[in-house]
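Participant: One structure coming up, written as structure tokens, with questions to follow.
Bear in mind these aren't lab numbers, they're just calculated from the coordinates by the rules spelled out. In this text the structure is predicted, and so the values were computed from the model without any measurement. Here Cβ is always computed from backbone atoms with ideal geometry, including for glycine, and neighbour counts include all displayed protein chains.
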Amino acid sequence: MRISCHLTFDGQCENAFRAYQSILGGELTTLLTFGDSALAAQVPESWATKILHATLSLEGQELLGSDAFPNEAAGHQGFAITLSLSDPLRAQNAFAQLADQGHIKMPLQPTFWAALFGVVIDRFGVTWEINCGQPDGHLPRAHESDRDADAVSPPTLGT
């Protein structure tokens, strides 16, 4: 089984996916417009350049997207895309680039479960959780009494 995330935009899908490719790498394997699809006659001419299907392939995984059909609202509520990275520098760079023109909900910072964790809503309205594991690769301890050994403060929530 494989689970993929499919994002729907209000006409900004191509811009979003080009930004995500720039930030995360990978390959845009599909950018199919409504005008180049079998649905061309069913959408207004002004919607012909909007994206019916986008695929960003990343390290064996896919992020999918499209623009909502005309007169259908697209919204990004009730979920977040979790980006798990092992390299702290890559996590910091991804967080900073996703935050550009966006909104930081929780600054990227050490937590009791990760070397770095932060939450950002990007300029397209998509919520991202950036998670960077412990440098030595260990998992959080199972017992509350063991937490003191790490001397990591609770995370600071944003506004």
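Participant: Where does the charge balance sit around E14 when Lys and Arg score +1, Asp and Glu -1, over other residues with C-beta under 9 Å from its C-beta? Walk me through the numbers on the way to the answer.
Facilitator: Numbers: positive: R18, K50; negative: D67.
Taking every Cβ under 9 Å from that of E14, the sum is +1.
Participant: Between D87 and H103, what length in nm is gained on full extension when 0.36 nm per residue of separation is reduced by their alpha carbon distance? Write out the running numbers ahead of the final one.
Facilitator: On the way: separation 16, 0.36 × 16 = 5.76 nm, distance 2.28 nm.
The D87-H103 span can extend by a further 3.5 nm.
Participant: Note down the nm distance, to one decimal, between modelled labels 7 Å out along Cα→Cβ at Q77 and at A48.
Facilitator: 3.5
Participant: Report, by chain and number, residues whose modeled amide H sits under 5 Å from the one on D10, excluding near sequence neighbours (fewer than 5 apart, same chain).
Facilitator: A68
Participant: About its Cα centre, what dipole magnitude does segment 35-133 give when the only charges are +1 on Lys and Arg Cβ and -1 on Asp and Glu Cβ, stated in debye to the nearest 20? Working shown, then result.
Facilitator: Values: 4 positive and 10 negative charges, 60 e Å.
Around 280 debye, computed over segment 35-133.
Participant: Can you sort L24, L98 from fewest to most other Cβ atoms within 10 Å of each residue's own Cβ? The partial results should precede the final answer.
Facilitator: Values: L24 18, L98 26.
Going from sparsest to densest Cβ surroundings: L24, L98.
Participant: Let me ask something else. Give the percent of DSSP beta bridges with both residues in segment 5-67 that are antiparallel, rounded to the nearest 5. Let's see the in-between values first.
Facilitator: Working: 11 of 16 bridges.
Close to 70 percent.
Participant: Using the Cα centre as the reference, give the magnitude of the dipole from point charges on the C-beta atoms of segment 24-73 (Lys, Arg: +1; Asp, Glu: -1; all else neutral), rounded to the nearest 20 debye.
Facilitator: Numbers: 1 positive and 7 negative charges, 21 e Å.
It works out to roughly 100 debye.
Participant: So if I take the centroid of the Cα atoms in segment 17-55 and the same for segment 87-118, what is the distance between those two points in Å?
Facilitator: 28
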